[in-house]
Amino acid sequence: MKRQYCTVAMLVAVGFIAVVRMAPTSLAQDSNQGDPVLQLVQVWLNAESEGDSATLDKLIADDFLGTGPGGNILNKTDIVPSGGGERPKMPPTLLKESTVRVFGSTAVVMGSVAYKTLPQPGFRFTLVFLNRGQRWQIIAAHLVSLPSGK
């Protein structure tokens with residue numbers, strides 16, 4: 001019985017140490033590390049509402065994959081039409097809240113957006129950025145419409 005207790009205690013201790021060592025640190029060592037990424041979220045929102053294909057083309061990675069608010073799967077050409085075609089504009093938005101986590105060359109941003117000119121409540125998003133050659137790009141996104149009254 002005593003031996004089983006020691007074995008269980010040892011397994012719990014080892015498991016706790018493993019979980020603590022694997023837990024991500026928020027924004028690594030520097031709390032300002034997420035600032036450039038958060039600025040790019042605002043650049044993304046502005047470019048979407050202005051229909052700025054050139055900015056979106058630079059910001060969104062060629063191998064981008066995402067999920068739209070309706071559950072549809074998107075790639076870069078769904079957002080930035082090849083050949084410079086006309087793209088629909090998103091209504092002007094306001095970034096309501098956001099959380100940035102940076103893990104080396106990868107950053108994850110979660111937040112919510114409200115529409116400035118529409119009665120709809122907006123959407124929640126998760127963006128994944130990758131730093132490629134001193135430039136952050138969006139490589140993945142998930143957007144979900146907020147229910148009315150939220």
Counting only residues that are loosely packed, with under 15 Cβ neighbours inside 10 Å and among the basic types (Lys, Arg), how many does the range 73-90 have? 1
Are any residues in the range 128-140 polar (S, T, N, Q) and either outside any strand (DSSP E or B) or without any contact (Cβ under 8 Å) to a residue 24 or more places away in the chain (or both), and if so, which ones? GLN134
Condition test on THR93, is it touching a helix residue (DSSP H, G or I) at 6+ places or on another chain (Cβ under 9 Å), of a type in the set (S, T, N, Q) and either without any contact (Cβ under 8 Å) to a residue 60 or more places away in the chain or crowded, with 16+ Cβ neighbours inside 10 Å (or both)? yes
Considering each of LEU143, LEU65 in turn, give the residue that is surrounded by fewer than 17 Cβ atoms within 10 Å (Cβ to Cβ), within 16 Å of the chain's Cα centre (by Cα) and assigned to a strand (DSSP E or B). LEU65
For the range 100-127, which residues satisfy the criterion of being part of a strand (DSSP E or B) and of a type in the set (Lys, Arg)? ARG101, ARG124
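Every read-out reported here was derived from the displayed coordinates using simple, explicitly stated rules and does not represent laboratory data. Bear in mind that the values here come from a model prediction, so they are computed numbers and not experimental data. Don't worry about glycine lacking a Cβ; one is built from the backbone with ideal geometry, like all the others, and counts go over all protein chains shown.
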